[in-house]
Amino acid sequence: MSLIEEAARQALRERQGAGARYDAPAAPHRELDWARRGTAYFARALNNLTDKDLDTPSRLPGLSRRHVIAHVGYQARMLSDIVAWARAGNSGPLPRIADVPAELVAAGATLPARALRHLFQHSEVHLNVEWRDMTDPQWDAVVSDSAGRRITVGATPAIRARCVWINAIDLGKGGRLADIPPDFVAWLRDAGAAIPASGRNRLW
C-alpha cells in the first residue's frame, strides 16, 4: 500500500470514528475483497428469487435452491467458528469438523423462507465481524478440527469466496462464470482448484 493510500485510509477512519471496524494491515485483503464481492453477488441473486422460487431445483442435480442457500449460510457459520477459535487463542482442536454436514443442509432447507434468508444474512455479517476483529498475528494461526484437519485462518476468505461465487451461479438466476473476478479465477487455477463445469454436485 502506498503512502497516499495509507493516508487516505487513515483519514477515512478518523471520519468514521472509533466504533468502526477495519481489517488488520496484515489481513489477506485481496481474498477478503473476493469473498465480500462474492457475498454481494450471491445476495443479489437471492433477492431476485421469490419465496416460491426457493422451492424449485438449483443447477445441482437433486438439490433445490433451498439446499444451496442453507449450505452457504452454514458454511459462513463454520468459518466463523474457525476464526473465533483462533482469535480466542485456543490451543486445542476445534470441537467440530470443519465441514458443513449434508444432514444440516437438508434440515436447513426445510426452514421457512424468511428464516432461510435470515440465515444467509446473519451468518455473513457474523463472519465479516470475526474477520475484522482479527489482529495481524492471528491471521497466521492454524486451527485443527476434531478430525485432525488443519486450516490456516488466512485461507478462510478464499474458501468463502469460492463458495459464494460458485453457489450464486448454482442458484440458476442469471449468474455466470464470466462474472467471477478474473484474478480470482486465475488464482483458483494456479492453486489447482479450477472451477468445474456447472451441474456437478459441488456444495463447497
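The table below lists the values:
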| item | result |
| --- | --- |
| Selection count, the stretch 18-55, where residues are within 20 Å of the chain's Cα centre (by Cα) and assigned to a helix (DSSP H, G or I) | 19 |
| Checklist (1) farther than 15 Å from Trp165 by Cβ; (2) in contact (Cβ under 8 Å) with a residue 60 or more places away in the chain applied to Arg66, failing item | (2) |
| Residues of the stretch 111-138 satisfying the condition of being open to solvent by less than 60 Å² (accessible area, probe 1.4 Å) and among the hydrophobic types (A, V, I, L, M, F, W, C) | Leu111, Ala113, Ala115, Leu116, Leu119, Phe120, Leu127, Val129, Trp131, Met134 |
| Failed condition for Gly148, given (1) exposed (fewer than 14 other Cβ atoms within 10 Å of the Cβ); (2) on the phi < 0 side of the Ramachandran plot | (2) |
| Residues of the stretch 98-147 classified as assigned to a helix (DSSP H, G or I) and in contact with a strand residue (DSSP E or B) (Cβ under 8 Å, 6 or more places away or on another chain), total | 1 |
| Residue among Ala76, Ala40, Ala141, Ala84 that alone is hydrophobic (A, V, I, L, M, F, W, C), under 25 Å from Val185 (Cα atoms), out of contact with any Leu (no Cβ under 8 Å at 6 or more places or on another chain) and open to solvent by less than 70 Å² (accessible area, probe 1.4 Å) | Ala40 |
| Options Gly174, Gly154, Gly108; residue that is open to solvent by 50 Å² or more (accessible area, probe 1.4 Å) and small (Gly, Ala, Ser) | Gly174 |
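The values are calculated or read from the model by the stated rules, or taken from the named source; none is laboratory data. Here the structure is a predicted model, which is why all the values come from computation and not from measurement. Please note: Cβ atoms are built from the backbone with ideal geometry, for glycine as well, and neighbour counts cover all protein chains shown. All accessible areas refer to the heavy atoms of the entire protein, side chains included, with ligands and DNA or RNA removed. Shrake-Rupley method; radii C 1.70, N 1.55, O 1.52, S 1.80 Å.
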